[in-house]
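Colleague: Take this structure, written in structure tokens, and hold onto it; I'll ask about it next.
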Amino acid sequence: MAAAAPLIRLAPSRYTLPRPFLKWVGGKGQLLAPLLERVAAAGSFRAYHEPFVGGGALFFELHRQGALRDGAVLSDRNPQLIEAWEVVRDDVDALVDALAAHKSRHGEAYYYQVRAERSSDKIARAARLIYLNKTCFNGLYRENRRGDFNVPFGRYTDPPILDEDNLRAGSAALGEVELHCRPFATAAADVRRGDFVYFDPPYVPVSKTAVFTEYQKGGFGEADQRALAGVFRSLSGRGAKVMLSNSWAPLVHECYADFTRHELSASRNLNCKTDRRGAVSEALVENFAQLRPARRLAG
Ligand SMILES: C[S@@+](CC[C@H](N)C(=O)[O-])C[C@H]1O[C@@H](n2cnc3c(N)ncnc32)[C@H](O)[C@@H]1O
């Protein structure tokens, strides 16, 4: 029998920790309110799964609310990202020391020196990723064709290189959490009836200038989107509560025609041209409400 439904507050918590320790492309920090509304609508669930965890905005919010009573399983196919999550969980003291060292030496020349470095040490690699993420232009994780991090220096006055309280709170939150570097299809194999799954994949591009699929080597094309829809359907058939974010795009409507699709309004700044920034529609797909026509949730 499923556990009692967690009490989900619909307003995201503002002042409590932990929060995402990385600023990640496509992070859901600005969309927490409508996501929480739908998680609350799902009712009770067992384990929580995020197969495209990125910075984990929804995971941390649900943790802050005490809503993850039956454990959480977080995955992503990016090995540097998952390694950083593991170091936060398992080696937070050493990570804090390494970030304090970066903070004391921070500057443009030092940034490019660290960007060029390769280390065989897991803690040094995690500290490098967090340091570069906090100090690079736009906080944008982007790799070139060789898989190198190639973002230029960001001119911030006082970048938050070391947020010790948040890292320690994050480490405590991750104590019992399973972390895996793996593709979404493998992650789905762990899901059981009554679990909750939140898929936040790279989005279907909505214009020729959209860059969503290009921020990591390998991309995420139409075949991946269709394979993901197949996994969504199969998890739904197995009795899991499944929710997915994507663009409000024809391919998404086609793939999830049998499921409820809410339209969300989100602001974006990932297009190359400034005049294309601003509000765009996103789809929030779920299998736990009755099938009904799409409706607008956030203005
Ligand atoms: C939109 S981001 C997730 C953002 C996250 N929800 C947050 O709040 O920060 C998409 C993530 O999917 C990961 N990813 C891309 N292709 C994947 C795949 N085939 N399997 C698993 N993860 C993948 C990327 O590394 C990236 O971290």
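The values are calculated or read from the model by the stated rules, or taken from the named source; none is laboratory data. It should be emphasised that the depicted structure is a prediction, and the values quoted were computed from it without experimental measurement. Here Cβ is always computed from backbone atoms with ideal geometry, including for glycine, and neighbour counts include all displayed protein chains.
Colleague: Please give the number of the condition Pro51 fails out of (1) over 26 Å from Phe137 (Cβ atoms); (2) crowded, with 16+ Cβ neighbours inside 10 Å; (3) more than 8 Å from the ligand (Cβ to nearest atom).
Modeller: (3)
Colleague: Shifting gears a bit: Restricting to region 141-182, what's the tally of residues that are under 29 Å from Gly107 (Cβ atoms), in a loop (DSSP other than H, G, I, E, B) and among the hydrophobic types (A, V, I, L, M, F, W, C)?
Modeller: Matching residues across region 141-182 total 3.
Colleague: Among the listed residues Leu81, Leu95, Leu62, identify the single one that is in a helix (DSSP H, G or I), within 25 Å of Thr186 (Cα to Cα) and more than 9 Å from the ligand (Cβ to nearest atom). Don't jump to the end; show me each part of the working.
Modeller: On the way: Leu81 fails: more than 9 Å from the ligand (Cβ to nearest atom); Leu95 fails: within 25 Å of Thr186 (Cα to Cα).
Result: Leu62 is the single residue among Leu81, Leu95, Leu62 that is in a helix (DSSP H, G or I), within 25 Å of Thr186 (Cα to Cα) and more than 9 Å from the ligand (Cβ to nearest atom).
Colleague: A further question on this structure: Can you name every residue in region 217-272 that is among the charged types (D, E, K, R), modelled with pLDDT of 95 or more, surrounded by fewer than 16 Cβ atoms within 10 Å (Cβ to Cβ) and not in a helix (DSSP H, G or I)?
Modeller: Result: Glu263, single match.
Colleague: OK, next. Can you give me the number of residues within region 161-179 that are surrounded by fewer than 16 Cβ atoms within 10 Å (Cβ to Cβ) and out of contact with any helix residue (DSSP H, G or I) (no Cβ under 6 Å at 6 or more places or on another chain)?
Modeller: 5
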